[in-house]
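The values are calculated or read from the model by the stated rules, or taken from the named source; none is laboratory data. Quick caveat, the model's predicted, so the values are computed rather than measured. Neighbour counts run over all protein chains shown; Cβ positions are idealised from the backbone, glycine included.
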Amino acid sequence: MNEVSPHRAVPPTEVGLKAGDTGPAVGVLQRYLSRFGYLPLSATVQERLEGSQNPRISEVFDEETKEALRAYQAFHGLPTSGRLDAITVGQMALPRCGVPDVWNVEDLTFGTTRFVLSGARWDHTELRYGFVNLTTDSARRRIRRAVRAAFRAWSDVSLLTFTETATPPPPGTEILIRFTTGSYGPAGSFDGLGGMWGWAYYPPLAGGNDAGDVYFDDAETWNTEAVVPLTELDLQTAATHEIGHALGLKHSAESGAIMWGSLNPRTPKRTLHQDDINGIRELYSTRVPLVLELTPALAAAEIRSARLEPKFFGTGGPDPYVSQQSPRFGTVVQIGSQVSLTIKNGPIP
Ligand SMILES: [Zn+2]
């Protein structure tokens, strides 16, 4: 199959590209940086995901491209040369998760904590997961066991509990798991063997109607053995990472973390890093979020009186993944980081 998916993030190979260079090789670099959120910094997430149509792919290695490349290098712990050096080309060629590293410009400023929260989390801690389908790469019981172990890594260090549902998963199952070679829902499509191997949607609010859903690229060969051959991917490693997204964690700049964006499941990593533990505890430790269910009129009154200050409000908010209308939850507004407001009976007047 020679057809190149518009979502395929072809890694750049032209070692030595630098500011001032022009041509198609610069376009390949810009498209890669755009696909994973680094360029252009001001574009919306949707524009980044549709990098191939992005009018800002200028094929000119300008200052913005240099800064985006430096940000990529910083996030991956590489020397921030701003040039496409050999070590950077090598990093970009490795398999990685399809979820962009950068969703907001602010994410590029790293403080002492390296884990990054998506701004969304489940409003309850007893979650269910189910398999929509399974890969045929391994026995069913081995796949289920690997994914169960991945969930256990997160429940061991937080208040979360996970229960596997029957197949097919009943309505209301929070986390649906699929193996597919094509589309992973509205956010895009997998790219065949190599490159991107997984995708997951954040919890309600940020994750929209697909909240919590986890996808694995079935063009890859998934392995559930103790020792993984070099050309295959460790399912437990990949599942632990994607479940982290489904619980509300974004990519971490800590290269030892399960939530590192360029985590490579060819090398099994089946335990959490302290950075991952800090992140999940920030979301699901002692602070179980308070969920208010109000009528639209009462919600409007509360907001007008400034007793509740909506963090995300209205369509076209700061993040296009913020969903105000969700069939599963009605109208959802997050109030600060502590309170989710669910209005069951319609939009706020
Ligand atoms: Zn990821």
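Within the stretch 9-29, residues that are surrounded by 13 or more Cβ atoms within 10 Å (Cβ to Cβ) reach partners that are of a type in the set (Phe, Trp, Tyr) and part of a helix (DSSP H, G or I) with beta carbons closer than 8 Å, at six or more positions or on different chains, in the pairs 9/32; 10/32; 11/32; 12/32.
Applying the criterion of being surrounded by fewer than 19 Cβ atoms within 10 Å (Cβ to Cβ) and among the β-branched types (Val, Ile, Thr) to the residues of the stretch 120-137, the residue that is farthest from residue 158 (Cα to Cα) is 136. The number of residues in the stretch 154-172 being within 19 Å of residue 244 (Cβ to Cβ) and at pLDDT 95 or above comes to 4.
Just checking, does the stretch 222-232 include any residue being touching a helix residue (DSSP H, G or I) at 6+ places or on another chain (Cβ under 7 Å), within 15 Å of the ligand (Cβ to nearest atom) and at pLDDT 95 or above? Lay out the reasoning, then the answer.
Quick first cut of the stretch 222-232, residues touching a helix residue (DSSP H, G or I) at 6+ places or on another chain (Cβ under 7 Å) only: 222-224.
Subsequent filtering for residues that are within 15 Å of the ligand (Cβ to nearest atom) retains none.
No.
The residues of the stretch 67-86 that are in contact (Cβ under 8 Å) with a residue 24 or more places away in the chain and either of a type in the set (Lys, Arg) or at positive phi (or both), listed by number, are 77, 82, 83. Residues of the stretch 13-34 include none that is modelled with pLDDT under 90, in a loop (DSSP other than H, G, I, E, B), away from the ligand (no atom under 16 Å from the Cβ) and of a type in the set (Ser, Thr, Tyr). For the stretch 233-254, the set of residues classified as assigned to a loop (DSSP other than H, G, I, E, B) and within 12 Å of the ligand (Cβ to nearest atom) consists of 250, 251, listed by residue number. Within the stretch 56-97, if we keep just the residues that are part of a helix (DSSP H, G or I) and within 16 Å of the ligand (Cβ to nearest atom), the residue that is surrounded by the fewest Cβ atoms within 10 Å (Cβ to Cβ) turns out to be 91. Pairs linking a residue in the stretch 264-283 that is assigned to a helix (DSSP H, G or I) to a residue that is among the charged types (D, E, K, R), with Cβ atoms under 8 Å and 6 or more positions apart or on different chains, are 275/114; 275/254; 283/121.
In this structure, is residue 192 within 14 Å of the chain's Cα centre (by Cα) and surrounded by fewer than 21 Cβ atoms within 10 Å (Cβ to Cβ)?
Details: within 14 Å of the chain's Cα centre (by Cα): no; surrounded by fewer than 21 Cβ atoms within 10 Å (Cβ to Cβ): yes.
In short, no.
Pick from the stretch 198-221 the residues that are charged (D, E, K, R) and within 14 Å of the ligand (Cβ to nearest atom): which of them is surrounded by the most Cβ atoms within 10 Å (Cβ to Cβ)? Residue satisfying both the conditions and the ranking: 217.
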